[in-house]
Structure formats: C-alpha cells, structure tokens
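Shown next, in structure tokens, is the structure this report addresses.
The values are calculated or read from the model by the stated rules, or taken from the named source; none is laboratory data. Everything numeric here is computed off the predicted structure, so don't read it as measured data. No Cβ is skipped: glycine too gets one built from the backbone with ideal geometry, and neighbour counts run over all protein chains shown.
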Amino acid sequence: MNICLLSGRVTKNATVRGTDPKTVVFTLETRNGPADGDKPARVACVPCVLFNPPPEVEAVLTTRGEGLPVELEGRLSAPPPDANGGRRFNTEVIVRNRTFVVLTAVPQEA
C-alpha cells in the first residue's frame, strides 16, 4: 500500500502548470523529531503535486502559500527508469485533493 501522511509548512508560494489537467506544485517542509540540545530537528523538503485542485485551494497556495501550515495525504510517485534502465530519484507526493487541509492552529516547538 502506498499512502503517506504529512504535515508541515509550505516553503514558498505554489506554481500552477498546465490547464488540462491543471497542476499545482509546491514544496512542504517537514520536521522529524524535536530539537534536542545541540542537535536540531531533521528537516525534509518534500515536493508535492495537486491535480485539478479546488479554486480556493489553488488561490491560497499560489498567493499566500509561503509558511502556510498544512496537512495532507497522498501517494509517493517516482519516475520510470531512464532509457538506459538507470534509476532516477525524483520522488514526489501526489496529493489527494479531499485530504488537503490548511491548519489554523499549529503547536509551537519548544
């Protein structure tokens, strides 16, 4: 089963590509583990794609997306092997539209 659940902050305003299907592309910054003494929390930047998003979601992500706290569910998608059979590691998350939520209250990190 290929399901991932993520929460974090959008790193910058999203970009719209194409019209049919319309895609909204953004990067989500996630943190793993609390900052512990001298060791900061691990940060991962995850590329995300929304296909044919609702107009209100598109508007928020493209105009006020930077720093926006969100959570979502999706599936990991990796590109096919290149012409020589080599592997490419360009993984992204294909977001399920109905699961995309803008968080209004986010707990502060200690």
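Within segment 20-35, is there a residue that is under 16 Å from the mean Cα position of the chain (by Cα), assigned to a loop (DSSP other than H, G, I, E, B) and surrounded by 14 or more Cβ atoms within 10 Å (Cβ to Cβ)?
no
Kindly establish whether Pro53 is more than 16 Å from Val93 (Cα to Cα), touching a residue at least 24 places away in the same chain (Cβ under 8 Å) and surrounded by 12 or more Cβ atoms within 10 Å (Cβ to Cβ).
Values: more than 16 Å from Val93 (Cα to Cα): no; touching a residue at least 24 places away in the same chain (Cβ under 8 Å): yes; surrounded by 12 or more Cβ atoms within 10 Å (Cβ to Cβ): yes.
No, not satisfied.
So is Pro81 surrounded by 15 or more Cβ atoms within 10 Å (Cβ to Cβ) and assigned to a loop (DSSP other than H, G, I, E, B) or not? Spell out how you get there, then give the answer.
Values: surrounded by 15 or more Cβ atoms within 10 Å (Cβ to Cβ): no; assigned to a loop (DSSP other than H, G, I, E, B): yes.
No, not satisfied.
Among the residues that make up segment 88-109, is at least one of them modelled with pLDDT of 95 or more, small (Gly, Ala, Ser) and either exposed (fewer than 15 other Cβ atoms within 10 Å of the Cβ) or not in a loop (DSSP other than H, G, I, E, B) (or both)?
no
When you scan segment 52-62, do you find a residue that is among the polar types (S, T, N, Q), touching a Pro at 6+ places or on another chain (Cβ under 7 Å) and under 19 Å from Cys4 (Cβ atoms), even just one? Outline the logic, then answer.
The first filter runs over segment 52-62 and keeps only residues among the polar types (S, T, N, Q), leaving 52, 62.
Next cut, touching a Pro at 6+ places or on another chain (Cβ under 7 Å) only: 52.
Filter once more, so that each one left must be under 19 Å from Cys4 (Cβ atoms): none.
No - not one qualifying residue is present in segment 52-62.
Please go through segment 59-87 and pick out each residue that is free of Cβ contacts under 8 Å to residues at least 60 places away in the same chain and acidic (Asp, Glu). If you could, list the steps in order and put the result at the bottom.
Initial filter on segment 59-87 (free of Cβ contacts under 8 Å to residues at least 60 places away in the same chain): 59-68, 77-87.
Of everything in segment 59-87, those that are free of Cβ contacts under 8 Å to residues at least 60 places away in the same chain and acidic (Asp, Glu) turn out to be Glu66, Asp82.
Which of (1) surrounded by 11 or more Cβ atoms within 10 Å (Cβ to Cβ); (2) within 13 Å of the chain's Cα centre (by Cα) is the odd one out, the single condition Leu5 does not satisfy?
(1)
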